[in-house]
Amino acid sequence: MKNPIMALQDAQNAHGYLSKATLQAIAKNLDLPLSKVYGIATFYHQFRLKPVGEYVIYVCKGTACHAKGKETFSQYLRELLGLREGETTTDDGLFTVEYARCFGCCSLAPVIMIADRRGFSSQIYGHLTPAKLRKILKDYKTEHLTIPQRVL
Amino acid sequence: MATTHWLTVKVPLASCTIASGAEDILNEVAKLEQIDVKTVGCMGLDFIDPWIELEADPYPPAIYAHVTAKDVERLVQEYLAGNLASAYALRRRTEQPTGQDAIPVLAELDAWKHQTKWVTRNCGIVDPESVDDYVALGGYQGLQRSLGMTPEDVIEELKQAGLRGRGGAGFPTWLKWNICREQAETPKYVIANCDEGDPGAFMNRLLAESDPHRILEGLMISGYTIGAEKGFIFVRAEKPLAAKRLEKAVDDARAAGYLGEHILGSRFNFDVDVFLSAGAFVCGEETAMIASIEGGRAVPRQRPPYPATKGYHDHPTTINNVETLAHVATILTEGRDAFPRGTTKTPGTKVYCVTGSVKRTGAFEVAIGTSIRQLVYEIAGGPPEGREIKAFQIGGPSGGCIPASMADLSLDYETLQAVGAIMGSGGIVVIDDTNCMVDIARFFVSFTKAESCGKCLTGRVGTRILAETLDRIVQGKGAPSDLDNLATVCTSMTTASLCALGRTAPNPVLTTLKYFEDEYAAHILERTCPSLVCSPLITYHIDAARCIGCTVCARNCPANAIMGELKGVHVIDQTKCVKCGTCIAVCPQQAISKRTGGE
């Protein structure tokens, strides 16, 4: 039997998020109750049940980033993007702000990672300042940057 | 380039160096002629990222720090002309007189000379994507040697070496393996834990990205010893490069005959799956990790039975941290006598990640028993100019905050536990005077609250009560009775929680209460945050005497909370201010400051 976590990972990579229909299809294929699949999908950080913007900005919530002012920095990012209380995706559907535990790039704190919605490619930006952040966002907005695929 | 030299350029490709521009450097290097490019991992000296290393006869190999793509051509030309003045350090001194005596050798640098390179010896040297390169540097000899020994002899070797688990708890590795080996039931399984969940710890990522075959070799030796034919590597999807390198290592090892049937001509059959963790801190608990590999929610269960008797699908299973497995491979290769000395109770080395308020951040491998002072002040260089260290946060969210006055403590399992911290994974975040200890405690508790799996009451509700109480305190709404309540809840959690996550989650609160009670008192009794961190208790102000009316702050304020005309004094509208701190960062006159209390 296929592992439900792997099935959810594959589905999210294909669609960018897990819709109710996707969860139902996985439950049916694996012969599991929907509640069980839903339980797994909501347990892990990797899974999201709502569509996201073209780019997902993960703000690192790690200790080193926190000590270097993550809280105020994340507030600044949200203000820059014009996100209102409770919102995570910008009105134009370009950016979604999420939080990540730690990318292990603590020496570059504060850090964000920008990933395409399917999670195939990502780029980490470190040593962030207000000016650097504004430039990064501007670059993504105006040039619709493609995030380089990792050299492997 | 008009030269007959043949140049080798090493470019490090790891998460940290890529984020600081190593791929641009690689593209630039690829344009050069008559060179060999070798991609390597990270050597742990994050403060010099991105670096490159040049080597061509007759010059010594030279490491260059903070390289950008546009420096590459110039540095290569200089190097090939015999001018090494721009180098950060030489990998080794060659016999030929170089005339460059002022350039230090790596082994003489403070950041390097106090280290004991054991499991990280190949990091930044071996090509992590080449099994041949690993073998050329002595790789898989530990496996070969093990296969010539009986499993009992391998266990005896680890027992004599005195290896203890490097994932945090420090359980003797030989004992764990022996219990699993003695189980009659088959099949058995071995699991490498690369689910690095502690914020501030990246030694597992570094090993997986820079020397993945060493981890794999250790896992194979554990499989041979306990009698398993199947292994898993459990790695975070959040660390994609580590996962890809481990997957490639497994594929390459299989192609080269190190995995599969009759490995190296023996009767040992073994194969490995890389399992991408979907991300949950509680997976660090071994029964939770097994539940996750089985495909369900990562919820721990009561132990005993321990995984050594009933683990993956109720079969005997051994789980080791990847750093432990790297130790195993190195000990079996070098022999137990070569295992570096640590303390009497704990021989060997540990990789620590030192970040936060230090001059040199990075991952440093030192002998167990090295003092915090030597690690933080000598190796990592102490705090940046003008800053003062207040505390060391050791061991991640389950660890504790130790005051700077205790810097002479030895870094070993027993000493750290005695002062309320834990070795944990070995992350050390150095906290300076710009940080508020109550806020730090709140940060960790909000982390463990979010990561609690919800199974046991003390884990689920205890973390919530701690978080809500600390939230009140940092908002200036705390009451003196809150301190007693915190202590009571902490005690319940440490005694009654099901797993280590719940039992250790109070450590940040207990240690900050013990060592930094004055900061709690200021928040509760005076409604102030002496470190000027907790935003509900601080306000921003512009000094009229210093403000030159340049309008930079007003233009940068995301909340449009700053008013004033060109060349006129600016004022902050306190009702609009979101306290993001941008104005302080951009003001050229240092005219903006934070205040607490009074208003």
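Can you compute the charge dipole magnitude of the stretch A:55-143 about its Cα centre, using +1 on each Lys and Arg Cβ and -1 on each Asp and Glu Cβ, nothing else charged? Give it in debye, rounded to the nearest 20. Show your work: numbers first, answer last.
Values: 13 positive and 10 negative charges, 62 e Å.
Roughly 300 debye, rounded to the nearest 20.
Hey, if you drop one equal point scatterer on each alpha-carbon of the protein assembly as shown and run the Debye formula without solvent, what base-10 log of I(q)/I(0) do you get at q = 0.05, 0.06, 0.11, 0.12 Å⁻¹? With no solvent term, the Cα-only Debye profile gives -0.25, -0.37, -1.31, -1.54.
In terms of overall dimensions, the stretch B:304-383 has a Cα radius of gyration and Dmax of 17.0, 49 angstrom.
Simple point charges give the picture: +1 on the Cβ of Lys and Arg, -1 on the Cβ of Asp and Glu, and for the stretch B:437-526 a dipole about the Cα centre of about 500 debye.
Sequence-ordered 3J(HN,Hα) estimates for the stretch B:347-357 from the Karplus curve with 6.51, -1.76 and 1.60 and θ = phi - 60° stand at x, x, 10, 9, 8, 10, 9, 10, 9, x, 8 Hz, glycine and proline given as x.
What number in nm² do you get for the stretch B:349-432 if you take the convex hull of its Cα atoms and divide its surface by four? For the stretch B:349-432, averaging the hull's shadow over all directions gives 4.4 nm².
When both bridge partners sit in the protein assembly as shown, DSSP labels roughly 55% of those beta bridges antiparallel. In the calculated pair-distance distribution of chain B, the portion above 45 angstrom amounts to 24 percent of the Cα-Cα pairs. Other residues within the sphere of radius under 14 Å centred on the Cβ of B:Glu468, judged by their own Cβ, net out at +4 (K and R +1, D and E -1).
Which whole-number percent gives the relative contact order of the stretch A:55-143, counting Cα pairs below 8 Å spaced six or more residues apart? Please report the intermediate quantities before stating the final value.
Details: 119 pairs, mean separation 33.3, N = 89.
RCO, the stretch A:55-143: 37 percent.
In this Cβ point-charge picture (+1 for Lys and Arg, -1 for Asp and Glu), the protein assembly as shown has a dipole of about 1720 debye about its Cα centre. In chain B, a dipole from Cβ-located charges (positive for Lys and Arg, negative for Asp and Glu) runs towards its positive end, and of B:Ala545, B:Gly382, B:Ile226 it is B:Ala545 whose Cα lies farthest in that direction.
Each pair of Cα atoms in the stretch A:55-143 enters the Kirkwood radius, and Stokes-Einstein at 25 °C and 0.890 mPa s then converts it into a translational diffusion coefficient of 188 µm²/s. For A:Lys135, the lysines whose Cα comes closer than 24 Å to its Cα, not counting residues fewer than 8 places off in the same chain, are A:Lys61, A:Lys68, A:Lys70, B:Lys70, B:Lys579.
Take every pair of alpha-carbon atoms less than 8 Å apart whose residues are at least six positions apart; their mean separation over the length of chain B yields a relative contact order of 11 percent. Taking other C-beta atoms within 10 Å as the exposure proxy, A:Thr129, B:Thr512 rank A:Thr129, B:Thr512 from fewest upward.
Restricting to bridges with both residues inside the stretch A:55-143, how much of the DSSP beta-bridge set is antiparallel, in percent to the nearest 5? DSSP beta bridges in the stretch A:55-143 are roughly 60 percent antiparallel. The orientation-averaged shadow of the Cα convex hull for chain A, equal to a quarter of the hull surface, comes to 10.2 nm². Residues B:Ile125, B:Ile548 in ascending order of nearby Cβ atoms (within 10 Å, fewest first): B:Ile548, B:Ile125.
Cross-link partners of A:Lys20 among aspartates and glutamates, defined as those whose alpha carbon lies under 18 angstrom from its own and excluding same-chain residues fewer than eight positions apart: A:Asp10, A:Asp31.
Value of Rg to Rh for the stretch B:84-160, rounded to two decimals, is 1.15; Kirkwood radius and Rg both from alpha-carbon coordinates.
As a proxy for reagent exposure, B:Glu294, B:Glu217, B:Glu78 were ordered by neighbouring Cβ count within 10 angstrom, fewest first; the result is B:Glu294, B:Glu78, B:Glu217.
Over the C-alpha trace of the stretch A:4-43, radius of gyration and Dmax come out as 8.8, 24 angstrom.
Under 20 Å of direct C-alpha separation, and excluding same-chain neighbours fewer than eight residues apart, B:Lys188 reaches these lysines: B:Lys176, B:Lys230, B:Lys310.
Spin-label model, B:Ala545 to B:Ala418: label points 7 Å out along the Cα-to-beta-carbon direction sit 5.2 nm apart.
Every read-out reported here was derived from the displayed coordinates using simple, explicitly stated rules and does not represent laboratory data. Bear in mind that the values here come from a model prediction, so they are computed numbers and not experimental data. In this analysis, Cβ positions are derived from the backbone assuming ideal geometry, glycine residues included, and neighbour counts consider all displayed protein chains.
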